[in-house]
Amino acid sequence: MGLKKRNRANAEFSMSSLTDIIFLLLIFFMLTSTLVKIEAFDLPESDSKTVAPTSAIVTIDQSGKYALNSKPITMSSLEQSLRGELKDAGNREDYTITIVAEKGTPFERVIDVMQIAGKLRVKAILATQPKKS
């Protein structure tokens, strides 16, 4: 009798462990993204629940110091730096400048950054924290 041996390699791949890993990564990123705070100082409060994408973060503290993406910068060089970042980003339509102004910062400083965003024809939003009930 001629019996055939079955020495075929199994070509199946188990996806169950891969889906478990992806699910755990998803949970990890969801939890850590809610714990991220933009800066360590007090922001103005708002009822707004709008979440917008951020391309550049301009930080203004009460003493008038500016920072672009956590790097100290002067007001006179802010427009030129934002112009360079906008050129590197490429997509002008989705570019958003987030203004993180500490509570008590004179609003004229915020208006100056908004005017720069207007010159560059990009969106500018003001970062706030939720109102305390």
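Of the candidates Ile60, Ile111, the single residue that is in contact with a helix residue (DSSP H, G or I) (Cβ under 6 Å, 6 or more places away or on another chain) and of a type in the set (Val, Ile, Thr) is Ile60.
You will find that of Leu82, Leu120, Leu78, the residue that is aliphatic (A, V, I, L, M) and under 18 Å from the mean Cα position of the chain (by Cα) is Leu82 and no other. Look at (1) exposed (fewer than 13 other Cβ atoms within 10 Å of the Cβ); (2) touching a Ser or Thr at 6+ places or on another chain (Cβ under 6 Å) and you find that Lys123 fails only one, number (1).
Just wondering, is there one or more residues in region 47-56 that are of a type in the set (A, V, I, L, M, F, W, C), modelled with pLDDT of 70 or more and either surrounded by 10 or more Cβ atoms within 10 Å (Cβ to Cβ) or on the phi < 0 side of the Ramachandran plot (or both)? Yes, because at least one residue in region 47-56 is of a type in the set (A, V, I, L, M, F, W, C), modelled with pLDDT of 70 or more and either surrounded by 10 or more Cβ atoms within 10 Å (Cβ to Cβ) or on the phi < 0 side of the Ramachandran plot (or both). Annotation: of all residues in region 82-117 being under 11 Å from Ser55 (Cα atoms) and hydroxyl-bearing (Ser, Thr, Tyr), the one that is surrounded by the fewest Cβ atoms within 10 Å (Cβ to Cβ) is Thr96. Among the residues of region 82-117, not one is among the polar types (S, T, N, Q), under 14 Å from Ala56 (Cβ atoms) and at pLDDT 85 or above.
Considering each residue of region 91-117, count those that are outside any loop (DSSP other than H, G, I, E, B), farther than 22 Å from Ser70 by Cβ and not aliphatic (A, V, I, L, M), and give that number. Residues meeting the conditions: 3.
The values are calculated or read from the model by the stated rules, or taken from the named source; none is laboratory data. Bear in mind that the values here come from a model prediction, so they are computed numbers and not experimental data. Virtual Cβ from ideal backbone geometry, glycine too; neighbours counted across all protein chains shown.
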